[in-house]
Amino acid sequence: MSQPEMTVPNLPPRRPLPPDVRERMRRRVVGAGAVRAPLAAAAAVAVLAAGGAIVAQSTQGDDTIAVAPPSSTTSPRPGSSPNDVSIIAVSSGASEEDAARCGFPPPGVRFTMGLAGRRILVTGDDRLCELTHTTTSHNRPEAGTVPLAGGAASLLWRTGSGVLVGRVPAGTSTVRVSITLPNGGGVMPMRVSQVQDLFVIPHSAERMSVAFGTPSGQVTGGEIDIPALPRPDVWSRTREDLPPGDPVVARCLDLTMRDGVDWVGDPLTWRPGAFTGPAVSAWLAIHDQAGRVAFCHVYHGEASTATIGDTSPQDGALVKVRHSTGRGDGPTSAQVFLGGTVDAAKVGAVEITDLRGQTVPAVLAAGTFVARLDNQPPLDARDLTKGFQVRVFDHENRVIETLTLDK
């Protein structure tokens, strides 16, 4: 299903960013809107190939459960977040579509590993390919590997999205990855998965310690030093591989799906809605044509993760506020964003007045609205939009509804 393309005029030029820089920027500009689970709360899970079955083994206890064979898929345990499991699915071979997109002959693919928002294809000769909604990445075997555990193990690749893939020592049954917290904070485990002879670290810190459990005992792998690894352009060949439709929507959903959310569904059903306009910090409403709406921050022309709109919004008869957020512009001022849905058949315009009497027009498109209010008081310890007045106009510019926001 194709998407109509949205034209976003005069945005600052799009600047490709390395995965580490993109991740740091996302955490800084998205803030509480990000859905990634806190690292300290995430369980590290190892997925082991044993007797034809994939076995999920928690690194924080002795509970071990058999899930599915490699020919089918694996799923998180009931009640767990998708972010609590590194490998969501493992399947033998690859789909024809994925193999073609990677340029691999299907018989040469050993298996496909599914992570949140991406799939990694592994061939018998250590050719690796990562697919996301908007990118295709290949490893460069000629760039070599990084030895671990005195050469008994190695790092094979860091994917275009920052996933680490390595090979374990022969006979390995467990993999442990951890970081040492500063100021005597102890050691914290990182999530890691093992699939056959490979281990996968989906989200990495700059420096991590790795250890392998083998028949002869625990083997210390040493330290993985991310800054010392080959540069992305040396280790990877990555291209943007946009699906049909609007590129901003696609990039926004790509980053969102990598965070393991479960609300996106088919990303090709999403369409652009209202857009606050060209600016360093802008907001785009997107909708799935079936009633769901989400809001994407566009910062310096770069899409960030989307936040799903409230399904039980503040009620007006014709306008429903589904999301609000704020960003500090300094110690004395802030920026507040509101977004939601409107009855497009009856609503021709919306104006929002803040507590200082400043009135801004909302942007309307495709049954959605967005508005950005600058020069707001600092955000600490206050209700974000409580007391804001919303005036709704019909297509003849007559006021047909007025509501006061209460939170």
All conditions in (1) closer than 28 Å to ARG140 by Cβ; (2) open to solvent by 40 Å² or more (accessible area, probe 1.4 Å); (3) touching a strand residue (DSSP E or B) at 6+ places or on another chain (Cβ under 7 Å) are true of VAL234 except (3)
Can you give me the number of residues within the stretch 306-317 that are part of a strand (DSSP E or B), of a type outside the set (Gly, Ala, Ser) and out of contact with any Gly (no Cβ under 7 Å at 6 or more places or on another chain)?
3
Say we look at the stretch 318-337 and pick out the residues that are under 14 Å from ARG391 (Cα atoms) and in a strand (DSSP E or B); which of these is most open to solvent (accessible area, probe 1.4 Å)?
LYS320
Quick check on GLU142: is it without any contact (Cβ under 8 Å) to a residue 12 or more places away in the chain, closer than 16 Å to SER236 by Cα and out of contact with any helix residue (DSSP H, G or I) (no Cβ under 6 Å at 6 or more places or on another chain)?
yes
Collect the residues in the stretch 193-214 that are under 19 Å from the mean Cα position of the chain (by Cα), closer than 15 Å to TRP157 by Cα and not hydroxyl-bearing (Ser, Thr, Tyr), keeping them in residue-number order.
VAL200, ILE201, PRO202, HIS203
Are there strands (runs of 3 or more DSSP E) fully within the stretch 113-196 with at least 2 residues that are among the basic types (Lys, Arg)? List them.
118-123
So, of the residues in the stretch 360-407 that are more than 14 Å from LYS320 (Cβ to Cβ), touching a residue at least 60 places away in the same chain (Cβ under 8 Å) and part of a loop (DSSP other than H, G, I, E, B), which turns out to be most open to solvent (accessible area, probe 1.4 Å)?
ALA366
Can you pull out the residues in the stretch 250-289 that are touching a helix residue (DSSP H, G or I) at 6+ places or on another chain (Cβ under 7 Å), open to solvent by 30 Å² or more (accessible area, probe 1.4 Å) and within 20 Å of GLY367 (Cα to Cα)?
GLN289
Hey, could you check the stretch 290-311 for residues that are more than 15 Å from THR325 (Cβ to Cβ), open to solvent by less than 20 Å² (accessible area, probe 1.4 Å) and of a type outside the set (A, V, I, L, M, F, W, C) and say which is modelled with the lowest pLDDT?
GLY301
Quick one: which residue in THR180, THR238 is in contact (Cβ under 8 Å) with a residue 24 or more places away in the chain and under 23 Å from MET113 (Cβ atoms)?
THR238
Anything in the stretch 219-235 that is touching a residue at least 24 places away in the same chain (Cβ under 8 Å) and more than 25 Å from the chain's Cα centre (by Cα)? List them, or say none.
VAL219, THR220, GLY221, GLY222
Do the conditions hold for GLY357, that is, is it surrounded by fewer than 15 Cβ atoms within 10 Å (Cβ to Cβ) and within 24 Å of the chain's Cα centre (by Cα)?
no
Here's a check for you: in the stretch 85-111, which residue that is under 21 Å from the mean Cα position of the chain (by Cα) and open to solvent by 10 Å² or more (accessible area, probe 1.4 Å) is modelled with the lowest pLDDT?
VAL85
So in the stretch 197-213, with the set limited to residues that are in contact with a helix residue (DSSP H, G or I) (Cβ under 9 Å, 6 or more places away or on another chain) and assigned to a strand (DSSP E or B), which one is most open to solvent (accessible area, probe 1.4 Å)?
ARG207
If only one of THR159, THR145 is modelled with pLDDT of 95 or more, more than 22 Å from ILE88 (Cβ to Cβ) and not hydrophobic (A, V, I, L, M, F, W, C), which one is it?
THR145
Per the filter on the stretch 292-309, residues touching a residue at least 60 places away in the same chain (Cβ under 8 Å), of a type in the set (A, V, I, L, M) and over 15 Å from GLY340 (Cβ atoms) are VAL298
Those residues of the stretch 282-291 which are farther than 14 Å from PHE337 by Cα and in contact with a strand residue (DSSP E or B) (Cβ under 7 Å, 6 or more places away or on another chain), in sequence order
ILE286, HIS287, GLN289
Kindly list the number of the only condition in (1) out of contact with any Cys (no Cβ under 7 Å at 6 or more places or on another chain); (2) touching a residue at least 40 places away in the same chain (Cβ under 8 Å); (3) buried (at least 20 other Cβ atoms within 10 Å of the Cβ) that fails for GLY162.
(3)
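The values are calculated or read from the model by the stated rules, or taken from the named source; none is laboratory data. Predicted model, so just to flag it, every value in this text is computed and none were measured. All Cβ positions, even for glycine, are placed from backbone atoms using ideal geometry, and neighbour counts span all protein chains on display. Side chains are part of the model used for accessible areas, which takes the heavy atoms of the whole protein and leaves out ligands, DNA and RNA. Shrake-Rupley method; radii C 1.70, N 1.55, O 1.52, S 1.80 Å.
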